[in-house]
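Reading through the structure tokens given below for one structure.
The values are calculated or read from the model by the stated rules, or taken from the named source; none is laboratory data. What you are looking at is a predicted structure, and each value in this text was computed from that prediction instead of being measured. Cβ placement follows ideal geometry from the backbone for every residue including glycine, while neighbour counts extend to all protein chains displayed.
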């Protein structure tokens with residue numbers, strides 16, 4: 001038996017981007033046992049993954065975490081986070097390790113000097129590069145996301161108007177500069193010709209309510225703060241089209257090979273985090289020609305330039321028209 005420890009602490013999207021690594025290890029390495037270390041909050045994302053043998057949760061106590069891992073007999077560490085915390089784990093376990101190249105220098109040049117020296121390589125392929133020693137070839141699969149049976153949304157339980165198909169609109173993101181403002185979301189929903197399920201976490205609930213309140217008579221369903229991440233994933237899986245910011249539900253949509261419309265604000269697809277092997281008809285929207293983009297590799301709570309043009313100047317008409325067109329071409 002060969003024991004691998006895959007390390008990725010956060011976030012939802014980043015963890016989903018690691019799923020091809022665990023699949024390749026489990027399917028191509030004889031007698032592989034795959035362990036995964038992540039923060040406690042993200043354990044539910046991986047519990048139904050059949051390619052992971054054991055999940056280790058990190059709750060902030062690094063010493064206890066290392067003590068537990070020392071008892072597992074790990075052979076190799078696949079470090080897909082590559083920060084000081086994962087470095088401490090590698091140093092303490094004293095096992096052969098392989099770390100992802102996060103291209104931080106190239107990202108820094110792009111953010112600070114707008115010099116794009118990034119290779120045209122998706123983050124998934126950079127993750128897979130860490131295990132090239134162990135696998136013979138990359139498979140043709142995309143991302144993996146496994147929904148526990150009890151968390152699946154039964155479409156027949158939705159309001160009747162949504163049972164024959166709907167557009168999923170993911171309005172959340174970890175940082176404000178990745179999100180359309182409320183007024184733009186209202187305008188977008190007004191122009192969508194089909195039922196819309198609004199997806200988001202508890203912090204997005206107020207925005208969802210505002211959209212509903214501003215569009216009386218529209219066929220909208222606000223699930224923000226009501227669905228678990230698995231239930232939101234189930235809603236995405238069964239949607240005709242997904243409209244989303246650069247966020248975790250974007251990667252979940254890619255895992256289900258959905259038609260995805262991605263709206264980019266302060267971040268850029270060139271970072272290598274765009275939807276991996278989504279439906280070929282997927283479309284990305286960004287405001288080109290802005291000298292301030294990208295302003296961060298992650299995001300801010302407010303626009304550092306105070307104009308927020310990267311979102312305020314999005315072509316809402318084009319986004320809505322594209323969503324309506326893609327929805328009509330979806331078999332339902």
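From the list 280, 294, exactly one residue is over 15 Å from residue 185 (Cα atoms), crowded, with 20+ Cβ neighbours inside 10 Å and within 21 Å of the chain's Cα centre (by Cα). Which is it?
Working: 280 fails: crowded, with 20+ Cβ neighbours inside 10 Å.
Step by step, each of 280, 294 is checked, and only 294 is over 15 Å from residue 185 (Cα atoms), crowded, with 20+ Cβ neighbours inside 10 Å and within 21 Å of the chain's Cα centre (by Cα).
Here residue 47 fulfils each of the conditions (1) out of contact with any helix residue (DSSP H, G or I) (no Cβ under 9 Å at 6 or more places or on another chain); (2) part of a loop (DSSP other than H, G, I, E, B); (3) free of Cβ contacts under 8 Å to residues at least 24 places away in the same chain apart from (3).
Per-residue answers, yes or no, for (1) over 30 Å from residue 46 (Cβ atoms); (2) in contact with a helix residue (DSSP H, G or I) (Cβ under 8 Å, 6 or more places away or on another chain); (3) in contact (Cβ under 8 Å) with a residue 40 or more places away in the chain; (4) not assigned by TED's automatic domain parsing to the domain that holds residue 197:
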position: 256; (1), (2), (3), (4): no, yes, yes, no
position: 269; (1), (2), (3), (4): no, no, no, no
position: 280; (1), (2), (3), (4): no, no, no, no
position: 310; (1), (2), (3), (4): yes, yes, yes, no
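Give the residues of segment 8-44 that are touching a strand residue (DSSP E or B) at 6+ places or on another chain (Cβ under 9 Å), modelled with pLDDT of 95 or more, part of a loop (DSSP other than H, G, I, E, B) and under 24 Å from residue 101 (Cβ atoms), sorted by residue number. Those that are touching a strand residue (DSSP E or B) at 6+ places or on another chain (Cβ under 9 Å), modelled with pLDDT of 95 or more, part of a loop (DSSP other than H, G, I, E, B) and under 24 Å from residue 101 (Cβ atoms): 8, 9, 18, 29.
I'd like to know if segment 227-244 contains one or more residues that are out of contact with any strand residue (DSSP E or B) (no Cβ under 8 Å at 6 or more places or on another chain), surrounded by fewer than 18 Cβ atoms within 10 Å (Cβ to Cβ) and assigned to a loop (DSSP other than H, G, I, E, B). Yes, some residue in segment 227-244 is out of contact with any strand residue (DSSP E or B) (no Cβ under 8 Å at 6 or more places or on another chain), surrounded by fewer than 18 Cβ atoms within 10 Å (Cβ to Cβ) and assigned to a loop (DSSP other than H, G, I, E, B). Here residue 133 clears all of (1) in contact (Cβ under 8 Å) with a residue 12 or more places away in the chain; (2) touching a strand residue (DSSP E or B) at 6+ places or on another chain (Cβ under 9 Å); (3) surrounded by 12 or more Cβ atoms within 10 Å (Cβ to Cβ); (4) over 30 Å from residue 308 (Cα atoms) except the condition numbered (3).
Any idea which residue in segment 192-210 is nearest to residue 250 (Cα to Cα), counting only those that are in contact (Cβ under 8 Å) with a residue 40 or more places away in the chain and surrounded by 15 or more Cβ atoms within 10 Å (Cβ to Cβ)? Talk me through it step by step, then tell me what you get.
Applying the first criterion (in contact (Cβ under 8 Å) with a residue 40 or more places away in the chain) to segment 192-210 yields 192-194, 197, 199.
The next check asks that each one be surrounded by 15 or more Cβ atoms within 10 Å (Cβ to Cβ); those that pass are 192, 194, 197, 199.
On the way: 192: 19, 194: 20, 197: 15, 199: 12 Å.
Among residues in segment 192-210 that are in contact (Cβ under 8 Å) with a residue 40 or more places away in the chain and surrounded by 15 or more Cβ atoms within 10 Å (Cβ to Cβ), the one nearest to residue 250 (Cα to Cα) is 199.
Do the conditions hold for residue 140, that is, is it over 30 Å from residue 291 (Cα atoms), within 21 Å of the chain's Cα centre (by Cα) and either exposed (fewer than 13 other Cβ atoms within 10 Å of the Cβ) or at pLDDT below 95 (or both)?
Working: over 30 Å from residue 291 (Cα atoms): yes; within 21 Å of the chain's Cα centre (by Cα): yes; either exposed (fewer than 13 other Cβ atoms within 10 Å of the Cβ) or at pLDDT below 95 (or both): yes.
Judged against the criteria, residue 140 is a match.
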